[in-house]
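To start, the structure under review is shown below, and the notes come after it.
Just so it is clear, none of the values below were taken in a lab; they were calculated from the coordinates. Small disclaimer: the values here were computed from a predicted structure and weren't measured. Neighbour counts run over all protein chains shown; Cβ positions are idealised from the backbone, glycine included.
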Amino acid sequence: MPPSAWVFGLQPRSPLRLGSHAEDLDRARALAASDTLFGALCWAMRALFGTGVLEAWLNEMRSAEPPIRISSMLPVRWTDGKLAEVFFPLPVRRPVRQFEDRKFLRPVSFIDRGAYRWLFREGAPSGTPRRAGELLGFGLETRQEEASWAVQSRPRVTVDRLSGASALYESAATHFSLNGDGNRRAGQFVPGVVAWVADEAALEGLTTCLRLLGEAGIGGERSSGLGRFELLGPEACDLPVTPDPAAGPTLSLCWPTQADLAAGALQLDPDRGYRVVERGGWISSEEWSGWRSKRVGMLAEGSYLGGKGPGGGLADVTPEAGRGHPVYRYGLGLFLDEVRL
């Protein structure tokens, strides 16, 4: 099987907690970033196949041709058991269209193909795309999409192990809309992941790890049942994606390597740009229990890279203590091919 792109649906079975801040919901991330997903995949691979297989796989991921590249979580419409549409991050570029409402795009995080053409191409489609929550697209027909997910803070109780005293605290998580019987509404959005795989073996390994994560959970408070999902797919992706950084905006977080910077990764056309985010967090490993990884700056989803570099890499974020195995943060870009969009 030649290199190809696939879409996985992660139909939620419980809320998703992503290191969010209960006291400041604006700082809470609703959908998991690609580095969070990659860390979970590493945990699953080690649990399934052992440390040796994981180390060999990480060496491949650091090579010039990694076996997989993954996007961050994206809103995916899954209708009657089939993939219907993938929304992607709003590109960091200047639209060709002028808006009477200067704040029109402020709440928008994800768009569909029609909205992309309407925003960034001359001779755009007639009509106006509909805005629903963080989504902008021509395929949004009802108000149900606005309630597909929401970051909410809910009270929790912790109990002191020594005294038995209880204390109330707030915990923020992404809650997904469900029917009364616990099933997703037909045609609504579920979190999804786009993956570029080198061959059939890479696709099978990724699918196996995602199935385990569906039972174990992704994100925080997994011992309380959070972060669990039912795996849908994989299905062939009709969204034009590529590992080529010159093709268009990234669908994942991206950490430009020295080779990228030398090739002019940050030298962009005036109408294109990038956003920088700082990433860090707890290390989910027995060897590093209670430790945080080094923080690192990365390019956010929707950012552009210039030049002809490798399009990102794995950042070494091992703590200075050096007591355990190396720790990497995923920063390989998966890019949208704007010419074929």
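Structural remarks
- Exposure proxy shown here: for PHE189, PHE229, the number of other Cβ atoms within 10 Å sets the order, fewest to most, as PHE229, PHE189.
- Extent along principal axes [Cα atoms of the chain; Å; largest to smallest]: 68, 49, 37
- Fraction of beta bridges assigned by DSSP in the chain that are antiparallel (%, nearest 5): 95
- Mean ellipticity per residue at 222 nm, deg cm²/dmol - from DSSP H runs of n ≥ 4 across the chain, formula -39500 (n - 2.57): -5000 deg cm²/dmol
- Simple spin-label estimate for GLU60 and LEU341 in nanometres, 7 Å along Cα-Cβ: 3.1
- Listed peptides 301-310, 277-286 by packing density, highest first (mean Cβ within 10 Å): 301-310, 277-286
- Placing dummy labels 7 Å off each Cα toward the beta-carbon, the span from VAL277 to LEU48 is 2.5 nm.
- Taking other Cβ atoms within 10 Å as a rough exposure proxy, VAL193, VAL96 sort from fewest to most as VAL96, VAL193.
- Relative contact order %, the range 4-239, counting alpha carbon pairs below 8 Å whose residues are six or more apart: 38
- Highest to lowest packing among 33-45, 127-139, scored as the average C-beta count within 10 Å: 33-45, 127-139
- Put in line by how crowded their Cβ is, counting other Cβ atoms within 10 Å and starting with the fewest, GLU204, GLU65, GLU221 read GLU65, GLU204, GLU221.
- Under 5 Å from the amide H of GLY233 lie the amide H atoms of GLY9, each residue being 5 or more positions distant or on a separate chain, with H modelled from the backbone and absent for Pro and chain starts.
- Taking the average, over residues, of other Cβ atoms within 10 Å as the packing measure, peptides 84-92, 161-169 rank 84-92, 161-169 from highest down.
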